[in-house]
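Student: What follows is a single structure, and I will ask about it in a moment.
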Amino acid sequence: MFSLYQLPFDLAENVLAGFSLLDRLEPALEGEARSTVTRDIVLTFYRKRLGHPKALYSRNRADRAVALGARPFVPATRIEAAEDDNAPES
């Protein structure tokens, strides 16, 4: 959506900062109060698409968070669909 509306990168960062509870149950990086794994992954792809010089920075943050066990946000409907796909047939 950021690309579709050609949002400046700084504005995309601010939009994602408004969802501070998004990763509340995920482990935070050392020295930080809360996880930002979803934001870091979204910004990695957006930075890469824009050719932004800090693309590696957010990728590094995302990789470190995932290594700690953090998982980016997945809507409940996707989880339920995945569980239905893996359910044994009757």
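The values are calculated or read from the model by the stated rules, or taken from the named source; none is laboratory data. In this text, all values refer to a predicted model and were calculated from it rather than measured experimentally. Reconstructed Cβ throughout: ideal geometry from the backbone, glycine too, with neighbour counts over all protein chains shown.
Student: Only residues that are surrounded by 16 or more Cβ atoms within 10 Å (Cβ to Cβ) and part of a helix (DSSP H, G or I): list them for the range 14-24, please.
Tutor: Just the residues of the range 14-24 that are surrounded by 16 or more Cβ atoms within 10 Å (Cβ to Cβ), to begin with: 16, 22-23.
Hit for the range 14-24 is 16, nothing else.
Student: For the condition modelled with pLDDT under 90, surrounded by 10 or more Cβ atoms within 10 Å (Cβ to Cβ) and over 25 Å from residue 67 (Cβ atoms), what is the one hit in 9, 45?
Tutor: Answer to the check: 9.
Student: Ok, one more. Quick one: what pairs do we get from the range 18-44, first residue under 15 Å from residue 58 (Cβ atoms), second among the acidic types (Asp, Glu) and part of a helix (DSSP H, G or I), C-beta under 7 Å, 6+ apart or different chains?
Tutor: Final answer for the pair search is 43/13.
Student: In this structure, is residue 71 at pLDDT 85 or above and not acidic (Asp, Glu)?
Tutor: yes
Student: Okay, next question. Within the range 56-71, restricting attention to residues that are among the charged types (D, E, K, R) and part of a helix (DSSP H, G or I), which residue is nearest to residue 36 (Cα to Cα)?
Tutor: Taking the range 56-71 first, the residues among the charged types (D, E, K, R) are 59, 61, 63-64, 71.
Then keep just the ones that are part of a helix (DSSP H, G or I); that gives 59, 61, 63-64.
Numbers: 59: 12, 61: 9, 63: 11, 64: 11 Å.
Within the range 56-71, the match that is nearest to residue 36 (Cα to Cα) is 61.
Student: I'd like the full set of residues that are farther than 17 Å from residue 25 by Cα and modelled with pLDDT of 60 or more, limited to the range 74-85.
Tutor: Within the range 74-85, just 77 meets the criteria.
One line per residue, one yes/no per condition, for (1) in contact with a Pro (Cβ under 9 Å, 6 or more places away or on another chain); (2) in a loop (DSSP other than H, G, I, E, B):
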| site | (1), (2) |
| --- | --- |
| 5 | no, yes |
| 12 | no, no |
| 26 | yes, yes |
| 30 | no, yes |
| 34 | no, yes |
| 40 | yes, no |
